[in-house]
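This report concerns only the one structure given below.
The values are calculated or read from the model by the stated rules, or taken from the named source; none is laboratory data. All of these numbers come straight from a predicted model, not from anything done at the bench. A quick note on method: Cβ atoms are made from the backbone with ideal geometry, for glycine too, and the neighbour counts reach across all protein chains shown. We work out accessible area using only protein heavy atoms, side chains counted, and drop any ligands, DNA or RNA first. Shrake-Rupley method; radii C 1.70, N 1.55, O 1.52, S 1.80 Å.
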Amino acid sequence: MTKNLRVKTSKFIDETYKISFKFNGTTYYGYKGDTLASALLANDIHLVGRSFKYHRPRGIMTAGSEEPNAIIQLHSNSSRTEPNVRATEIEIYEGLEASSQNCWPSVNFDLGGVNNFLSPLLPAGFYYKTFMWPASFWEKYEYFIRKSAGLGKSPTEPDPDIYEHRYIHCDVLVVGAGISGIMAAKTAAKNGFKTLLVDEKSYLGGSTIYQDSEQFKINNQILNSWLEKEINEIKKFENLEVKTRTSVAAFHGYNFLLARENLTDHLSIDQRTNKTRQRLLKIRAKKVITATGALERPLIFDNNDRPGILLSSAIEKYANLFGVACGEKNVLFTNNDSAYETAISLYQKGINIEAIIDNREEIDSKLIKEAEKNNIKIYKGFTVVNTFGYKRINKISIMQLSKDGQKVVGSKISIACDCLGISGGWTPAVHLFTQSGGKLKFRDEDQVFIPNIYPSDQISIGSCNGDFTLDEIISSVPNKLKEFLNVKKTDYENLEIYSAFNKSKRNIWLLPSDKVIGKTKSFVDYQNDATAKDIKLALREGFRSIEHVKRYTTTGMGTDQGKLGNMHALGIISETAGSKMGELGTTTFRPPYTPLTFGTIVGRNVGEYFDIFRKTPIHDWHVKNKAEFENVGQWKRAWYYPKDGENMHEAVQRESKAARDSAGILDASTLGKIDIQGTDASEFLNRVYTNSWSKLAIGKCRYGLMLNEDGMVYDDGVTTRLGENHYIMTTTTGGAANVLGKLEDYLQTEWPELDVYLTSVTDHYATVSVCGPNSKKIVSQVIPELDFSDESFPHMSFKNAKIDKIKCRVMRISFTGEHSYEINVQANYGKSVWEKCMEAGKEFNITPYGTETMHLLRAEKGFIIVGQDTDATMTPIDLQMDWIVSKKKYDFIGKRSLYRSDTIRDDRKQLVGLLTENPEEVLEEGAQIIADIKKSPVEMLGHVTSSYYSPNLKKSIALGVVKGGKNMMGQKLIIPMENKQINVTVADPVFLDKENKRLNA
Amino acid sequence: MFVINCPYCGEREQSEFKAGGEAHIVRPKQPTELSDDQWAEYLFMRKNIKGIQFERWVHTHGCRKWFNVIRDTSNDVIKAVYKMGEKPPTK
Ligand SMILES: [Zn+2]
């Protein structure tokens, strides 16, 4: 049924290597070297998808990464399936499966095609205008929009492929390996620069490498053979690295570029095993040479989107590179000489050309003469006014253009065809240049934007710089290279050039039609179905800025970012609004140049490598003893230790009770530890904590509260004076790094005169905390030679000791309100000390407890947790911790802010205790607190910050922040929940042992 | 991502550094003598210039030193770096 349109052997195609693949369920054959697009075209398949809005049948339009239509779903399995793959880029491999994506139920019968007939009802901004109202209907609209439009399917299972990231540093990066890029890479390499040359294609040489016509020559050699020799030469340089299938996605400031290197996408699935699929290259180049070429422009006329309509240069590439004819009855429509290049290529390969429609009237070049010599019919001064054929073009009608090009005159001529090549001239691929911050200028003579101001050490050369023709390239590139690389000569001077090409062009952004504009469908953005009519409508409705028109009409907002039609959109705006193109500016091109997979972006940072996590030296013991873990900052902390099928609540209740009744043990190694030394250490602490440190004796510990300069609580912890000029500070687990950073900041920038040295020792010590009425008995067994009597070793003091021969620091400090000891030992002995305590505590039923029990125990005592009971809007006064703020000290960080007009307000949110009317009812943390449910709107007074059921008090307890809470003691408040109200009474935040008797029990 | 020339270590990737806001804002020596407005001026008010801006940066994943940077915020070009306590270069 299908025809074979393979017309000529090509050296880029290996016809001995046949490959089978499936498209929309049917099996086809192609050859090694084919892209999916070239293989489909060889099988005479043009219809590959449906357009986004109108669901019009669409075919392959280009032969490169700028493809707007032929975007397909690759792979059928649920872990590898990938949407939005350009059929023009993917190389076929054995077993490839692809399907059209924007159609339902099938590409040949698409229900959404009805939108095409409804299109008068679907103007620009239709979605904005219609689906915005009423808002409650959105869910219903969304269902239908997604079902009938969606751009492909995401995989539903984890990606099984391997991706990685790599850094590359080079002297010169050359982006694009066309004729200009090859010249640049060779010149750089020859002059000793460490050079990297990348190209998105699988081969080097760009479009020149398949230029086999007699119409272009260098030194009397046909272009492709001249360039092949150059390519063979560059391969000899050891200081030149070449990467093909590598697409630069982003060009950032300071010559930092991201590129995606495709390593296995062209291999059959079984050849990919254990190989890295794609690599994200992070390139830092001293100099960047952009040689990204140019993209051919389409022409904008009625029904310019039918399958079978391709860019003229794409038809040439399919013929020259892949040996494929895109049709049997070809017509070309052009405003410049490029289409003649295509025509001559096709003619040479025996591919039939019905006619060339040229909108220029007076034309004369060697190329055109060559075409005429070959009896190709040329309609000069004509334009295509319409095309026919629903799923494949079968006919065009053309009319003569008026002298000014504004209207059509005379009568229509019909020409039958099955393929129409269009050529509207060339647009420099300036995407990367503008991403890097470069500024463009508009060149009026041929209506192109070209690089003007470079923001970093870079140049654009060749056609991406607006030097399109062979003569222009050879005359400009060598000089530019000499200047940019500061070298004396290149290999490209005094070359003898022959080019049959003439630069003349007749640029008409929107070609005239015999119909009124409202009746035409002249597509500007193929992927998003934006037409010239839509752009004119947007202008009529008052949009002026190009960025606004873009968003309103969605022009340039597809996955191709409007690579083909953006210039025409600008042109139509400029003509309609009467403004100058150069003044209009362009829309912003954003990275990535072509879409990247998520796999490439994340690289190896998946699963357990997604984020780093930190383990304490005692971690293995917790794992062995079935602890559940919680994340605290980057730490994995033991959360609770469920026993015999206990749930979390049951485990926490048991652990909490054991800690107060006999003994508990906690791994506190994650607390931040900062070693502070220097003759000004005491003065430094005076400045960073709210309380006074001058009189703290050696061997004593003190709790400190640290504020931000705005007076808000920042961190807290116990600091111990180890010697005259030596302290060890502890911080919260999550705050350690920030506290160190803040202290260093003050030391270096505000108080450089202080003699103080800070060292983070968090990872160097393990901390084992033993608490409860039997804690003393346990630690005395572990460290028998130490005097643990209350007289010698009172609460808030410290002793150096030895366990066997291992030095340790023992602090008698408490975060639970119980008599307790913290043993700090060099990290690698942590687990052994923990095990010794467990052994010694056996007879007292020593119970390991996790962070949840720790939080419960401290809440019973009303101790705050910074970050849970505070949120950077709480002063110490708000926390009812006035006692820790020194009145005597002249200054400390945050002091002045404690009496700003805002911080002294009575109605600030303040920390209070909350007791529920029903002692069994436990509040939800985060629940709102109100006083009067009838008031409208209900006034929110605050929220619950900590809430637990206390097994020791046998009732529910909570902490919360309440506006003016300090003066509301005993007052009744309400916690409104979804289906009930909970009555609470404001209480003292210290629920247990206000007299601190247990500390010495 | 720019490259910053740490005055202690040399050129390093931006990801090794952390920005610390406007430079040359000195903490008042006698905060208690200041009115609310004067204190608020020190505490909250920062310039956000399009163009040449004086900034503090710290080499967090390096020498951990703070230093000053003169950066053009419109194009991220760094004009100069200099140590804490030094005067900005005049040119
Ligand atoms: Zn440094």
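Using 7 Å Cα-to-Cβ label points, what is the A:Asn918/A:Glu233 separation (nm, one decimal)?
If labels sit at A:Asn918 and A:Glu233, their model points lie 9.0 nm apart.
With a 1.4 Å probe and all protein chains left in place, how much accessible area per residue does chain A have, in Å²?
On a per-residue basis, chain A sits at 41 Å².
Could you compute Rg(Cα) / (2.2 N^0.38 Å) for the range A:515-585, with N its residue count?
Output field value: 1.00.
Compute the angle between helix A:138-149 and the longest alpha-carbon principal axis of chain A, please, reported from 0 to 90 degrees and rounded to the nearest 10.
Approximately 40 degrees, to the nearest ten.
If A:Phe543, A:Phe484 are ordered by their accessible area, calculated over protein heavy atoms with a 1.4 Å probe, which sequence runs from highest to lowest?
Ranked list, largest accessible area first: A:Phe543, A:Phe484.
If I take R0 = 45 Å and measure r between the Cβ atoms of A:Glu785 and B:Ser74 in this structure, what FRET efficiency does the formula 1/(1 + (r/R0)^6) give, to the nearest 0.05?
Rounded to the nearest 0.05, the efficiency is 0.05.
Between A:Met940 and A:Ala1001, what is 0.36 nm times their sequence separation minus the Cα-Cα distance? Round to one decimal in nm.
Separation in residues times 0.36 nm, less the Cα-Cα distance, equals 17.8 nm.
With the alpha-carbon atoms as the only input, what is the per residue convex hull volume for the range A:302-423 in Å³? Working shown, then result.
Values: hull volume 11.2 nm³, N = 122.
Residue-normalised Cα hull volume stands at 92 Å³.
For the range A:599-646, which trypsin sites (Lys or Arg not before Pro) pass both filters: DSSP loop (anything but H, G, I, E, B) and at most 16 other C-beta atoms within 10 Å?
When the trypsin sites (Lys or Arg not before Pro) of the range A:599-646 are filtered for loop state and at most 16 Cβ neighbours within 10 Å, A:Arg604, A:Lys615, A:Lys626, A:Lys643 remain.
Among A:Val48, A:Phe12, A:Ser38, which residue has its Cα positioned farthest towards the positive end of the charge dipole of the range A:1-80, with +1 placed on the Cβ of Lys and Arg, -1 on the Cβ of Asp and Glu, and the dipole taken about the Cα centre?
Most positive-ward Cα: A:Val48.
Averaging sequence separations of C-alpha pairs under 8 Å and six or more residues apart, then dividing by the length of chain A, give the relative contact order as a whole percent.
After rounding, I find 9 percent.
Between A:Thr759 and B:Asp36, how high is the FRET efficiency from 1/(1 + (r/R0)^6) when r is the Cβ-Cβ distance and R₀ = 35 Å? Nearest 0.05.
Numbers: r = 38 Å, r/R0 = 1.09.
Calculated transfer efficiency: 0.35.
If the chain between A:Thr576 and A:Glu157 were fully stretched, how many nm would it gain, using 0.36 nm times the residue separation less the Cα-Cα distance?
Extra length available between A:Thr576 and A:Glu157 comes to 145.9 nm.
Starting at the first residue of the range A:177-191, write each ³J(HN,Hα) from the Karplus equation 6.51 cos²θ - 1.76 cosθ + 1.60 with θ = phi - 60°, in whole Hz, x for Gly and Pro.
10, x, 4, 5, x, 5, 4, 5, 4, 5, 4, 5, 5, 4, 9
Could you work out how far apart the two model spin labels at A:Met977 and A:His795 are, taking each label as a point 7 Å from the Cα in the direction of the beta carbon, and quote it in nm?
Placing both labels 7 Å beyond Cα along the Cβ direction yields 3.5 nm.
For the range A:780-819, list log₁₀ I(q)/I(0) at each q in 0.30, 0.33 Å⁻¹, using the Debye formula over Cα point scatterers of equal strength and ignoring solvent, two decimals each.
Each listed q corresponds, in turn, to -1.13, -1.21.
Counting alpha carbon pairs within less than 8 Å and at least 6 residues apart, what relative contact order, in whole percent, applies to the range A:904-1001? Display every interim value, and only then the final one.
Numbers: 208 pairs, mean separation 34.3, N = 98.
Relative contact order comes out at 35 percent.
Under a point-charge model restricted to the Cβ atoms of Lys and Arg (+1) and Asp and Glu (-1), what is the dipole moment magnitude of the range A:693-735 relative to its Cα centre, in debye to the nearest 20? Provide the component values of the computation, followed by the final result.
Working: 4 positive and 5 negative charges, 71 e Å.
Dipole of the range A:693-735, to the nearest 20 debye: 340 debye.
Distance from a point 7 Å along Cα→Cβ of A:Asp444 to each backbone N in the range A:548-588: keep the residues under 12 Å and list them by number.
A:580-583
Highest mean first, what order results for A:18-28, A:251-261, A:355-365, A:417-427 on Cβ atoms within 10 Å?
A:417-427, A:251-261, A:355-365, A:18-28
Would you kindly calculate the translational diffusion coefficient of the range A:904-1001, applying Stokes-Einstein with the Kirkwood radius from alpha carbon pairs, for 37 °C and a viscosity of 0.692 mPa s, and quote it in µm² s⁻¹ without decimals?
236
Just the number, please: carbon plus sulfur as a percent of the accessible area of the protein assembly as shown, 1.4 Å probe, no ligands or DNA/RNA counted. Provide the component values of the computation, followed by the final result.
Working: 23880 of 46810 Å².
Taking all protein chains in place, the protein assembly as shown shows 51 percent carbon and sulfur surface.
Taking amide hydrogens as modeled 1.01 Å from N in the peptide plane, which residues meet the under 5 Å criterion relative to A:Tyr765, leaving out close sequence neighbours?
It is A:Ala827, by chain and number.
Among A:Tyr318, A:Thr816, A:Leu332, which residue has its Cα furthest toward the positive end of the charge dipole of the protein assembly as shown, with +1 on Lys/Arg Cβ and -1 on Asp/Glu Cβ?
A:Leu332
Between A:Val602 and A:Asp988, take the C-beta separation as r, use R0 = 60 Å, and let me know the FRET efficiency to the nearest 0.05.
Values: r = 50 Å, r/R0 = 0.84.
That gives a FRET efficiency of 0.75.
Nearest 5 percent is fine: what portion of the DSSP beta bridges confined to the protein assembly as shown is antiparallel?
Given both bridge residues lie in the protein assembly as shown, the antiparallel proportion sits at roughly 75 percent.
How far is helix A:830-841 tilted, in degrees, relative to the longest principal axis of the Cα atoms in chain A, given as a value from 0 to 90 rounded to the nearest 10?
For A:830-841 against chain A, the angle is about 40 degrees.
How are the C-alpha pair distances of the range A:670-846 spread across 5 Å bins, as whole percents from the shortest bin up?
Percent of Cα pairs in each bin: 1, 8, 17, 20, 20, 14, 10, 6, 3, 1, 0.
Show me the ranking of peptides B:77-85, A:386-394 by mean Cβ neighbours inside 10 Å, starting with the highest.
A:386-394, B:77-85
Which order, highest average first, do A:779-788, A:369-378 follow once you tally other Cβ atoms within 10 Å for each residue and take the mean per peptide?
Going from most to least packed, we get A:779-788, A:369-378.
Which residues belonging to the range A:688-715 lose at least 50 Å² of 1.4 Å-probe accessible area when the assembly is complete, relative to their chain isolated?
A:Glu709
Which whole-Hz ³J(HN,Hα) couplings does the range A:531-541 yield from phi under the Karplus relation 6.51 cos²θ - 1.76 cosθ + 1.60, θ = phi - 60°, glycine and proline marked x?
Karplus values, whole Hz, x for Gly and Pro: 10, 4, 4, 4, 5, 5, 5, 4, 5, 4, 7.
Please give the contour-minus-distance gain from A:Glu650 to A:Ala697: 0.36 nm per residue of separation, less the Cα-Cα distance, rounded to one decimal in nm.
Working it through step by step, the gained length comes to 12.6 nm.
Might you report the magnitude of the Cβ-based charge dipole of the range A:597-756 about its Cα centre, with Lys and Arg at +1 and Asp and Glu at -1, to the nearest 20 debye?
Value, rounded to 20: 640 debye.
Using the Cα centre as the reference, give the magnitude of the dipole from point charges on the C-beta atoms of the protein assembly as shown (Lys, Arg: +1; Asp, Glu: -1; all else neutral), rounded to the nearest 20 debye. Could you put the intermediate results ahead of the total?
Working: 143 positive and 135 negative charges, 206 e Å.
The calculation lands at about 980 debye.
For the range A:373-486, just the Cα atoms, rotate onto the principal axes and tell me the three extents in Å, largest first.
58, 34, 32
Please turn the phi angles of the range A:585-599 into ³J(HN,Hα) values with the Karplus equation 6.51 cos²θ - 1.76 cosθ + 1.60 (θ = phi - 60°), one per residue in order, whole Hz, x for glycine and proline.
Rounded to whole hertz, the list is x, 10, 6, 7, 8, 10, x, x, 4, 10, x, 10, 7, 4, x.
With just the Cα atoms of the range B:3-83, tell me how far they stretch along each of the three principal axes, in Å, largest first.
Result for the range B:3-83: principal-axis Cα extents of 43, 28, 18 Å.
Within the range A:383-397, find all residues whose amide N lies under 17 Å from a label point positioned 7 Å from the Cα of A:Lys519 along Cα-to-beta-carbon.
Label zone hits: A:385-388, A:397.
From the residues A:Leu740, A:Trp693, A:Phe788, which one has its Cα farthest along the dipole of the range A:685-829 in the positive direction, the dipole being from +1 and -1 charges on Cβ of Lys/Arg and Asp/Glu about the Cα centre?
Ranked along the dipole, the leading option is A:Phe788.
Return an integer: the convex hull volume of the alpha-carbon atoms of the protein assembly as shown, in Å³ per residue.
Per-residue hull volume (Cα only) is 223 Å³.
How many nm separate the modelled label positions at A:Tyr29 and A:Phe613, each set 7 Å beyond the Cα in the direction of the Cβ?
5.4
Within a 10 angstrom radius of each residue's Cβ in A:744-751, how many Cβ atoms of other chains show up on average? Whole number is fine. Numbers along the way, then the final one.
Values: counts 5, 5, 1, 1, 9, 12, 4, 1.
Average neighbour count from other chains, rounded to a whole number: 5.
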